[in-house]
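Single-structure report; data block below.
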Amino acid sequence: MTPDQFVASLQKNPPAPVYLFLGPEPHQRERCRAALLEAVLGSDVEARENGFSRVDLDEVRLASALDDARSLSLFAARRVIWIGSAEAALPRGRAAADDSAESGDGGELAAYLREPTPDTVVVLESSRYGFDGDDKAKLERVQKFYAAVPALVEFRPFSPEAARSLAQSLAKKVGLQLGLPELALLIEATGGDASRIAIEIEKLSLFTAGRRAVTAADIAALVPDAQAATIFALVAALGRGDRAQALETLDTLAREGEYMPLALTFLATQFRMALAARAAGLRGASQIQAHFSQLGARIWPQRAREIEQTVAAFSKGKLERAVVKLFEADRSLRDARPDDRIVMEEMILALTSA
């Protein structure tokens, strides 16, 4: 089930005796943890202190953690046992050939599931592996080992659209005035990571104190990696052919001590992708995003819109000349004692000329 389905189920039904929390996304996992504690232990501080316990399978065996779950507490009528690093219980060596939970710690789990302790909820948390790439097979092995657990909650990374929706929801909740350009900048700077989005929105809320709207300068000053997002602002300005904005953004980068060859690398990537999009006859940001995602180059919707703007602002011939000019600028920056600012200004003037 999804985190949303898990939270909804707690509002309608008693919690299951055992859950398997699978996946690395921390923001939704924390949300589900809070909902489970509220459903089982309520909001009483003493009940939570006595009823909640946490163990890690990197330090103890699963059998020992389940023995704790079987024990009745003198101080808590209801309990939540949180078992972290669930993947550590998987057999190794020769035993790893059979991942089924029928012997050893797996047998202990099967026995507990047949007769779970009343008023006790056990959460098995495996957050080490993701759902893609090399982690996929490892995660499937964890899921196979715990296949007897009937309640599985998957914590997948947020999609670009979900990250944007979350940022808007969190900003509204704390009364943060966040415009669409600033929202896009924040998502780029955080890489769409939900936990980072939540932290940075809280920081921006405290910084502005609700008295004014968030600016790009606020994000650049407070959000780690936002300087790279400022480079994307330069990319977007050049893509629109906006010379004044491009020079103003260059001035910001220069004040912040940005390494100009890095900025050129972003720019070159932008124009090469725009040239490829034009050659493929792509129309609209959605087609651009889908096309490059299929090729293995995952891009955010805002980046796809920037590429769309670049394709609209530059003809095929001008895109080709831009790629050449960017190469020449990169070579000039690597000459002995170049004036980076002059090289970059000449490149901007060339790319925004009629």
Under 23 Å between alpha carbons - lysine pairs in the chain that sit 8 or more apart or on different chains: 4
With the 8 Å Cα cutoff and a minimum separation of six or more residues, region 141-254 has a relative contact order in percent of 23 percent
The chain: relative contact order from alpha carbon pairs under 8 Å, six or more residues apart, as a whole percent, is 15 percent
When the convex hull of its Cα atoms is projected in every direction, mean area for region 308-354 (nm²): 3.4 nm²
Once both axes come from the Cα atoms, what is the angle between helix 135-145 and the longest principal axis of the chain, in degrees from 0 to 90, rounded to 10? 10 degrees
What is the angle, in °, between the Cα long axis of helix 3-12 and the longest principal axis of the Cα atoms in the chain? Nearest 10 is fine, range 0 to 90. 40 degrees
Of Gly175, Ile219, Ser165, whose Cα points farthest to the positive end of the dipole of region 158-224 (charges on the beta-carbon: +1 Lys, Arg; -1 Asp, Glu; origin at the Cα centre)? Gly175
Highest mean first, what order results for 26-39, 181-194, 3-16 on Cβ atoms within 10 Å? 181-194, 26-39, 3-16
What's the exposure ranking of Val235, Val223, Val60, Val343, going from fewest to most Cβ atoms within 10 Å? Val60, Val343, Val223, Val235
When Asp58, Asp242 are ranked with the fewest other C-beta atoms within 10 Å first, the list becomes Asp58, Asp242
0 to 90° range, to nearest 10: angle between helix 26-41 axis and the chain longest Cα axis: 30 degrees
In Å, what Kirkwood hydrodynamic radius results for the chain from the alpha-carbon pair distances? 23.8 Å
How big is the dipole moment of region 227-354 about its Cα centre under a simple scheme where the beta carbon of each Lys and Arg is +1, that of each Asp and Glu is -1, and everything else is neutral? Debye, nearest 20, please. 580 debye
In the chain the DSSP beta bridges are antiparallel at a rate, in percent to nearest 5, of 0 percent
Expressed as a rounded percentage, what relative contact order does region 227-354 have, with Cα pairs under 8 Å and six or more residues apart? 34 percent
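A short reminder: the numbers here are calculations on the coordinates, not readings from a lab. Everything quoted here is computed from the prediction, not taken from an experiment. We place every Cβ from the backbone using ideal geometry, glycine too, and count neighbours over all the protein chains shown.
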